[in-house]
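The values are calculated or read from the model by the stated rules, or taken from the named source; none is laboratory data. Every value quoted in this text rests on a predicted model; they were computed, and no experiment measured them. Every residue, glycine among them, receives a Cβ derived from its backbone with ideal geometry; neighbour counts consider all protein chains shown.
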Amino acid sequence: MKFRRSERLVDMTHYLLQRPRILVPLSFFADRYNSAKSSISEDLAIIKETFEKRGVGTLQTIPGAAGGVKFISGVSKEEAVDVIENLCKRMEDPGRLLPGEYLYMTDLIGNPQVVNEVGKLLASAFADKEIDTIMTVATKGIPIALATATFLNVPVVIVRNDSKVTEGPTVSINYVSGSQKRIQTMVLSKRSLKEGAKVLIVDDFMKAGGTINGMMNLLKEFNAFVAGIGVLVESEDIQERLVDDYVSLVKLMDVDVRRQQIKVVEGNYFSKVHGFLKEEEVN
């Protein structure tokens, strides 16, 4: 069956979007559409140009007999600004205030559209990194980690505070909570990580960074490496930060329970993402 170019373009775009970072040989598309490789190459050039213009991502071409094309997810600066501004606005709603100056965030973390946008931003921040696995801690970090993993096409491992019989043998460490200075426990199945794995740590909220620091120490027990750290929210009012190199989408500046006010600003995302930094320097 012969496909029209318009049909090929639609189907190829859908196929690539569903399989980020997977190398697809040109011969696969040639056989799929009963078309010459030269025609497939022209189609991919059109898709690549459109992706880059629209801020969807890019196509990475691997030359040679064993080569092909990979879709690398990305996001435009305009889209990133819209998402982060919307997050700041929604998080400043006084109705989120809870006793103890905590914020209610379950509705955001449970919203598929919001989580998908957050995952895309975090994935784009580490698109140039070699990542084998995403690590998070139960429970609120799980949706964000899964969304990020979707765009990076890597598995997720979940750190818990107690062992489960269904996970088999585990490795556990004690760590100090950065904000509350309490000794707590982290547990991870021995089968979760391979030695030498490059791991992206993702979490929903970071105060002093004790939990993330604990995950970094846990990775050492597996001889694994930290490829990056991404968080949805970081807290500003911290005297001693235990984590230095990380990417945050928004920053919680102040919580005034008496006045029922919450101040939230953009995090360090735009200064950390290389492409945005270069654009700002030019301007």
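Per-structure values
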| quantity | calculated |
| --- | --- |
| Selection count where residues are more than 9 Å from residue 92 (Cα to Cα), over 21 Å from the mean Cα position of the chain (by Cα) and either modelled with pLDDT of 95 or more or among the acidic types (Asp, Glu) (or both), scope segment 254-268 | 2 |
| Close pairs (6 angstrom Cβ cut-off, 6 or more residues apart or separate chains): over 18 Å from residue 126 (Cα atoms) in segment 197-208, in a strand (DSSP E or B) anywhere | 205/233; 206/231; 206/234; 207/235 |
| Hits in segment 113-135 (condition: assigned to a strand (DSSP E or B) and in contact with a Pro (Cβ under 9 Å, 6 or more places away or on another chain)) | 133, 134 |
| Residue in segment 140-169 that is surrounded by the most Cβ atoms within 10 Å (Cβ to Cβ), counting only those that are at pLDDT below 95 and in contact with a Lys or Arg (Cβ under 9 Å, 6 or more places away or on another chain) | 167 |
| Residue ID - modelled with the lowest pLDDT, chosen from residues in segment 123-139 that are farther than 14 Å from residue 247 by Cβ and surrounded by fewer than 17 Cβ atoms within 10 Å (Cβ to Cβ) | 139 |
| Filter result (closer than 28 Å to residue 170 by Cβ and in a strand (DSSP E or B)) within segment 212-255 | 225, 226, 227, 228, 229, 230, 231, 232 |
| Residue 98, sole failed condition from (1) in contact with a Phe, Trp or Tyr (Cβ under 9 Å, 6 or more places away or on another chain); (2) farther than 23 Å from residue 145 by Cα; (3) of a type in the set (A, V, I, L, M); (4) buried (at least 16 other Cβ atoms within 10 Å of the Cβ) | (4) |
